[in-house]
1. For residue 89, which sequence-distant residues (separation of 5 or more, or a different chain) have an amide H within less than 5 Å of its own amide H, given hydrogens modelled in the peptide plane?
2. Quote the Stokes-Einstein diffusion coefficient, in whole µm² s⁻¹, for the chain, based on the Kirkwood radius over alpha carbon pairs, a temperature of 37 °C and a viscosity of 0.692 mPa s.
3. List the trypsin sites (Lys or Arg not before Pro) in the stretch 1-92 that DSSP assigns to loop (not H, G, I, E or B) and whose Cβ has at most 14 other Cβ atoms within 10 Å. Which are they?
4. Between the DSSP loop rule and a limit of at most 14 other Cβ atoms within 10 Å, which GluC sites (Glu not before Pro) in the stretch 15-73 are left?
5. If you fit an axis through the alpha-carbon atoms of helix 37-48 and take the longest principal axis of the Cα set of the chain, what angle between them do you get, 0 to 90°, nearest 10?
6. I need 74, 98 ordered by Cβ neighbour count within 10 Å, fewest first.
7. Using DSSP to define loop residues, name the chymotrypsin sites (Phe, Trp or Tyr not before Pro) in the stretch 24-120 whose beta-carbon has at most 14 other beta-carbon atoms within 10 Å.
8. With everything on Cα atoms, drop me the angle between helix 96-111 and the longest principal axis of the chain, reported from 0 to 90° to the nearest 10.
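Here, each number is a calculation from the coordinates, and none is a lab measurement. If you're wondering where the values come from, they're calculated on a predicted model, not measured in any experiment. Counting neighbours? That spans all protein chains shown, and the Cβs are built from the backbone with ideal geometry, glycine included.
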Amino acid sequence: MIWLDHSGHVAEGPASNIFVIKGGVIHTPSQGILRGITRQTFIELAHRADIEVWECNLSPFDLFSADEIFTTSTAGGALAIREVSGRPTASNGPGPITRKLDDLYWKMREDGEYGTKIFG
């Protein structure tokens with residue numbers, strides 16, 4: 001489920017943020033969203049990987065014409081969107097940018113970046 005804001009722009013999912021990839025550029029909504037830590041982490045990881053990120057308004061059509069779509073959450077990392085309103089996405093699963101960022105996210109978590117180790 002993807003929510004739209006009061007102007008009809010793509011906003012976010014329940015407990016997740018959305019990212020749309022078109023032509024190698026990541027687009028993510030700029031307003032009407034919760035600016036979560038995991039969202040910001042994925043934006044930072046994209047910059048580290050030299051992937052351009054645009055925070056902008058997205059229309060529902062942007063979802064239909066995307067090369068890849070994924071949502072982010074702390075526990076799930078990057079989760080690919082496989083279809084929009086019953087129509088398969090172009091990648092029909094995790095595409096190369098989604099996979100790359102998800103791998104970077106889990107490596108960062110495993111390495112303890114932005115975390116505190118607890119010894120017992």
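1. 83, 84
2. 225 µm²/s
3. 35, 82
4. 52
5. For 37-48 against the chain, the angle is about 90 degrees.
6. 74, 98
7. Those that pass, being in a loop and sparsely packed, are 114, 119.
8. Compared with the principal axis, the helix lies near 20 degrees.
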